[in-house]
Amino acid sequence: MTDFFAGISPVTYSPDAPADQLAYRHYNPDEVVAGKRLEDHLRFAVAWWHSFAWPGGDPFGGQTFERPWFGDTMALARLKADVAFEMFEILGQPYYCWHDADIRPEGASFAESNRNFEEIIDYLGEKMQAQGTRLLWGTANLFSHRRFMSGAATNPDPEVFAWSAATVKNCIDATQKLGGENYVLWGGREGYETLLNTDLKRERAQAGRFLQMVVDYKHKIGFEGAILIEPKPQEPTKHQYDYDVGTVYGFLKEFGLEGEVQMNIEQGHAILAGHSFEHELAMASALGLFGSIDMNRNDYQSGWDTDQFPNNVPEVALAYYEVLKAGGFTTGGTNFDAKLRRQSLDPADLIAAHVGAMDVCARGLKAAARMLEDGGLEAARDARYAGWQQNVAQGWLRSATLEDIEAAVAAGEIDPQPRSGRQEVLENYVNRFV
Ligand code: 3MF
Ligand code: MG
């Protein structure tokens, strides 16, 4: 045991706990909602990078957090893992996620980095075995080190492409070894700063080839998890190729990867792309691409990726409504890709952030399940499209030509009558549940 969380007991479901006590007031993992335990619906995961590797910097200032495990040795990497698993235990979090660079010190060579990585993967494996915490997904950090400043798969230098491919291979191997349920690719620097020095067509083709190799390798080794792409429109690059769900769909079609890759959708990234979270979820579901979510919000005024813990129940409810409509998570889950504010120095802040977020998600999911069970939105939607149930309308979609339809309209058989979209009625309806 480390003493980092000294004095903080495991958090339990205690709706009547005193106001100053850390407790779940809405998240009861064993509560059955729509036929499934809440824990199995939500599949919460802690993000290693924000909780244990991020030093508290922002564009105007550096480290604010002082953590006993900060530093570049294997002993400190193990200490970081010890503290992480203590936090999972306190929270009762079933899952966690990592990038290679979060968990191991960078070595002087690829081989040394990989030795560090393999050693720490074995250490995590033992801890997972002992504690029962599982890996929701693994991923490679192909954006922090200066070698990736011009991209990873899309780099103008083929040697960076090769380094990235080798890194991803080892990260997929490690994810498989730990029984990870997904492997994520986020193309943070797979984009450009300026078109003046960029061959956009070539870079997209490199990214397509890279992803084909990832999918081939997944099949070759029999990795049973899903390969997930996490779209984001920009930041750190001015423009990122995986802009949003719709853009990634076109990319997958272009490179023959339909059915092979799903989406990890992040609330903050949806907002940066000018969408709502539920838009991206509905789009993924419509395209058969829904996989997993990163549940962290952006600040609506600042316009950049603030990665805050969720705290808006109505917003979260609409997101889980789409998740439930898509059939819920299979391999995916709710990853808190969220970080503390840099003034939140105390170990207890880290616990409070996750506890609050889990409660918000539990409230959101329960509201979404009630809404789906009540069926009001689905009934209103069915009524709105009821005209399409008529044979003649179905024929227009199936086999009619423009001339057929023109003939019917010209004969006076068609006389469209505008009808209310009832948006306010539906907004009032949603408010009854959240
Ligand atoms: C950046 C992100 C990333 C991804 C992660 C997966 C650093 O905006 O959301 O977090 O979630 O890198 O590769
Ligand atoms: Mg993310």
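Every read-out reported here was derived from the displayed coordinates using simple, explicitly stated rules and does not represent laboratory data. Because the structure is predicted, anything quoted here is derived from the model rather than measured. Glycine also receives a Cβ, built like all others from the backbone with ideal geometry; neighbour counts cover every protein chain displayed.
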Which percentage, to the nearest 5, of the DSSP beta bridges contained in the chain is antiparallel?
-> 20
With everything on Cα atoms, drop me the angle between helix 347-374 and the longest principal axis of the chain, reported from 0 to 90° to the nearest 10.
-> 20
Using only helices, what value at 222 nm comes out for the chain when you add -39,500 (n - 2.57) per DSSP H run of length 4 or more and divide by the total residues, to the nearest 500 deg cm²/dmol?
-> -14000 deg cm²/dmol
For the range 324-405, listing chymotrypsin sites (Phe, Trp or Tyr not before Pro) in a DSSP loop whose Cβ sees at most 10 other Cβ atoms within 10 Å gives Tyr385
Where in the range 1-90 are there GluC sites (Glu not before Pro) that are in a DSSP coil and have at most 11 other Cβ atoms within 10 angstrom of their Cβ?
-> Glu66
If the range 59-195 were replaced by its equivalent ellipsoid, with semi-axes equal to the square roots of 5 times the Cα gyration tensor eigenvalues, what would those be, largest first, whole Å?
-> 27, 18, 15
Separation of the range 302-373 and the range 203-233 by C-alpha centroid, Å?
-> 27
Reciprocal of mean inverse Cα separation for the range 91-153 (Kirkwood radius, Å) | 13.1
Quick note on Glu193, Glu427, ordering by fewest other C-beta atoms within 10 Å, gives Glu427, Glu193
How far is it, in nm, from the label point at Ser9 to the one at Ile405 when both lie 7 Å from their Cα along the line to the Cβ?
-> 6.7
Local electrostatic count at Pro29 - Lys and Arg +1, Asp and Glu -1, tallied over other residues with Cβ under 15 Å = +1
Neighbour-count ranking [beta-carbon atoms within 10 angstrom, fewest first] of His239, His269 = His239, His269
Quick one: plug the Kirkwood hydrodynamic radius of the range 338-403 (C-alpha pairs) into Stokes-Einstein at 25 °C, 0.890 mPa s, and report D in µm²/s.
-> 149
Kirkwood Rh, the range 159-230, all Cα pairs: how many Å?
-> 13.3
Find, among the trypsin sites (Lys or Arg not before Pro) in the range 189-252, those assigned to loop by DSSP (not H, G, I, E, B) with at most 15 other beta-carbon atoms within 10 angstrom.
-> Lys238
Using alpha-carbon coordinates, inclination of helix 313-325 to the longest axis of the chain, degrees | 70
Once Lys220 and Trp304 are pulled to full extension, the length gained, defined as 0.36 nm per residue separation minus their Cα-Cα distance, is 26.3 nm
Based on a Kirkwood Rh over C-alpha pairs, give the Stokes-Einstein translational diffusion coefficient of the chain at 20 °C and viscosity 1.002 mPa s in µm²/s.
-> 91
Return, for the Cα atoms of the range 214-361, the radius of gyration and Dmax in Å, separated by a comma.
-> 15.9, 48
Where Cα atoms sit under 15 Å apart: lysine pairs in the chain separated by 8 or more or lying on different chains = 10
Tilt of helix 110-131 relative to the longest C-alpha principal axis of the chain, in degrees (0 to 90, nearest 10)?
-> 80
